[in-house]
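The values are calculated or read from the model by the stated rules, or taken from the named source; none is laboratory data. Note that this is a predicted model, so its numbers are computed, not measured. Note that each Cβ is placed from the backbone with ideal geometry, even for glycine, and that neighbours are counted across all protein chains shown. Areas reflect the complete protein model, heavy atoms only, side chains present, ligands, DNA and RNA absent. Shrake-Rupley method; radii C 1.70, N 1.55, O 1.52, S 1.80 Å.
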Amino acid sequence: MEKIKHSPNLWLQILNGFGSSGKPLLTLLNWLQKRPGFGFSMEVFNSMIDSLGKAREFESGWCPIPDRIQEDSSRRPDFESFAIMIRRYTRVGLYRAAIRTYEYACTLDLFSDPEAQEKLLEVLLDSLCKGGHIVIASQYAAKQRVKNASFPPSIRMYEILLNGCFFSRKLKSAEQLWMQMMEENVKPTVVIYGIFIEGLCRMHRLERAMEMVEHMKKEGLELNAMIYNPIIDSLGEACRFKEALGMLERFSILENGPTECTYNSLVKRFCKAGDLVEACNIVRMMIRNKCLPSSVTYSYFFKHLSKEGMVDLSLNLYTKLIRSGYEPDSLSYNAILIMLCEDGNIDLAKQITQDMRARGLDLDLKASIMLFQLLCRFRVYGEAVSEFKDMIRRGHVPPQQMYRMIIKDLEKQKMFDMVKKLDHLMLSVHRSTEKPYTCKGSDDSSHERVSYIIQKAEAISDMLRTARNREHLQNDIDPKHSDHCREVN
């Protein structure tokens, strides 16, 4: 280590390599602290805190922070140091610790400026919302306002809270926040309207979202892709294509017209509805408007063609794309491969697999299983075993049924060496070998338990047909159900 030149980039690469392994990182940290004259740059220091937080070694992550508080500005913890701790705490559900971190930071000279406190509060609220703690975030924001009468909630704060409400699918909370903004004469920006409209579309409140668009026009706000895209996508999802195309036409006359995302959402919806002609028209419209289709655009065609089993059309499209210089994405390749496996075309399936791997793409679990079964069907056992091994290398656990199938075939062919290889591979995979509890065992108690479950299900089914209210249901349900289950077990 004495001959190695220490640099921030070297330590950043080392720290990133630890992932979520806390113990080796702590060992390295303790060793470094004993080195004479060694000091971290702030970038390395923050990366170290982040790695410890990722490993849930929060106490060790906190230890170096107070020690550096009194040091010079180049070595003192900065805004990012506390933001990292807040994000890591909320990510594992420790929201109280995240709030304490924010409150401790506000007592330091670093955050004596109200603007710095406000920015760190935004980090806290954003982390709480993303962690699903929208109620906690709203209550804490309200508490800050009561505590400090001069505390003005920023527009960014409202954006964070609204985003959190819709992320947690709490429409009522979002509406209350909107009313609060109106009462305080806070003028919503295009971004806030965009968040609200996207949230409404996501929760299938399309008519309400379109009303908000009309309200924006009355306010004189300029509509953009953030407003149009979710509405066009929702209209397509509802198969209201005429309205979606009308909205697209109005969007097209603006200075900042439709984006790739706008066109892709319509291509996706037309393909899903089985209307390939209109989907192709949208692609032509994209090209006319100088918005070139991407591999994502064509993946929707492949998905539909795969679903309908149109092998020839898929291969024609694939060939044209390759000749035009496009590179299909992983979804497109897997869709084509699954379709070829279902069609029993082993040669083309192998060719597509080779093309995928040459481009650095991997098969997903379904495509791997389909290819494996196809190879076994054609008795290409050597390649089937290689595919099986590759599945395990990629972290996919092969289904037990698939494993038994190939073992059975190999034993019939008296290929015992391959059986041993597969057995050895499966030993390296962690999997459950237990059957479901209700099916376990062959004794009388197991049979009695299954019979009782069926009998009880039939009784509840009859009860639901005749019950008129919840009271009737509660009175009829057998109160000895749990006792009987315990006796059977």
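General observations
- Candidates 90, 101: the one that is touching a residue at least 24 places away in the same chain (Cβ under 8 Å), of a type in the set (S, T, N, Q) and surrounded by 15 or more Cβ atoms within 10 Å (Cβ to Cβ) is 90.
- For residue 110, the criteria (1) at pLDDT 85 or above; (2) in a helix (DSSP H, G or I); (3) open to solvent by 40 Å² or more (accessible area, probe 1.4 Å); (4) not basic (Lys, Arg) hold in every case but one, which is (1).
- Tally of residues being open to solvent by 40 Å² or more (accessible area, probe 1.4 Å) and either free of Cβ contacts under 8 Å to residues at least 12 places away in the same chain or within 18 Å of residue 118 (Cβ to Cβ) (or both) across segment 167-183: 7
- Filtering segment 238-265 to residues that are assigned to a helix (DSSP H, G or I), open to solvent by less than 60 Å² (accessible area, probe 1.4 Å) and not hydroxyl-bearing (Ser, Thr, Tyr) leaves 241, 244, 245, 246, 247, 248, 251, 264.
- Single unsatisfied condition, residue 98 versus (1) within 24 Å of the chain's Cα centre (by Cα); (2) at pLDDT below 90: (2)
- Residue that is polar (S, T, N, Q) and more than 28 Å from residue 299 (Cα to Cα), where the choices are 400, 373, 354: 400
- Residue 244 being within 22 Å of residue 316 (Cβ to Cβ), modelled with pLDDT of 90 or more and not aromatic (Phe, Trp, Tyr): no
- Helices (runs of 4 or more DSSP H) completely within segment 365-427 that count 2 or more residues being at pLDDT below 80 and within 22 Å of residue 349 (Cα to Cα): 400-412
- Residue under evaluation residue 399, criteria (1) within 23 Å of residue 306 (Cα to Cα); (2) open to solvent by 30 Å² or more (accessible area, probe 1.4 Å), criterion not met: (1)
- Restricted to segment 339-364, and to residues there that are of a type outside the set (D, E, K, R) and in a loop (DSSP other than H, G, I, E, B), the residue that is farthest from residue 312 (Cα to Cα) is 360.
A quick yes/no check of all residues on (1) open to solvent by less than 20 Å² (accessible area, probe 1.4 Å); (2) outside any helix (DSSP H, G or I); (3) closer than 18 Å to residue 156 by Cβ; (4) in contact with an Asp or Glu (Cβ under 6 Å, 6 or more places away or on another chain):
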position: 185; (1), (2), (3), (4): no, yes, yes, no
position: 196; (1), (2), (3), (4): yes, no, yes, no
position: 200; (1), (2), (3), (4): yes, no, no, no
position: 211; (1), (2), (3), (4): no, no, no, no
position: 218; (1), (2), (3), (4): no, no, no, no
position: 227; (1), (2), (3), (4): yes, no, no, no
position: 230; (1), (2), (3), (4): no, no, no, yes
position: 234; (1), (2), (3), (4): yes, no, no, no
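- Against the list (1) open to solvent by less than 50 Å² (accessible area, probe 1.4 Å); (2) polar (S, T, N, Q); (3) under 19 Å from residue 402 (Cα atoms), the condition residue 373 fails is (1).
For (1) at positive phi; (2) among the acidic types (Asp, Glu); (3) surrounded by fewer than 22 Cβ atoms within 10 Å (Cβ to Cβ); (4) free of Cβ contacts under 8 Å to residues at least 12 places away in the same chain, each residue gets a yes or a no:
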position	(1), (2), (3), (4)
319	no, no, yes, yes
347	no, yes, yes, yes
354	no, no, yes, yes
357	no, no, yes, yes
360	yes, no, yes, yes
369	no, no, yes, no
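Each row is one residue, and each column tells you yes or no for (1) open to solvent by 30 Å² or more (accessible area, probe 1.4 Å); (2) assigned to a loop (DSSP other than H, G, I, E, B).
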{"position": "115", "(1), (2)": "yes, no"}
{"position": "123", "(1), (2)": "no, no"}
{"position": "127", "(1), (2)": "no, no"}
{"position": "139", "(1), (2)": "yes, no"}
{"position": "153", "(1), (2)": "yes, yes"}
{"position": "157", "(1), (2)": "no, no"}
{"position": "160", "(1), (2)": "no, no"}
{"position": "165", "(1), (2)": "no, no"}
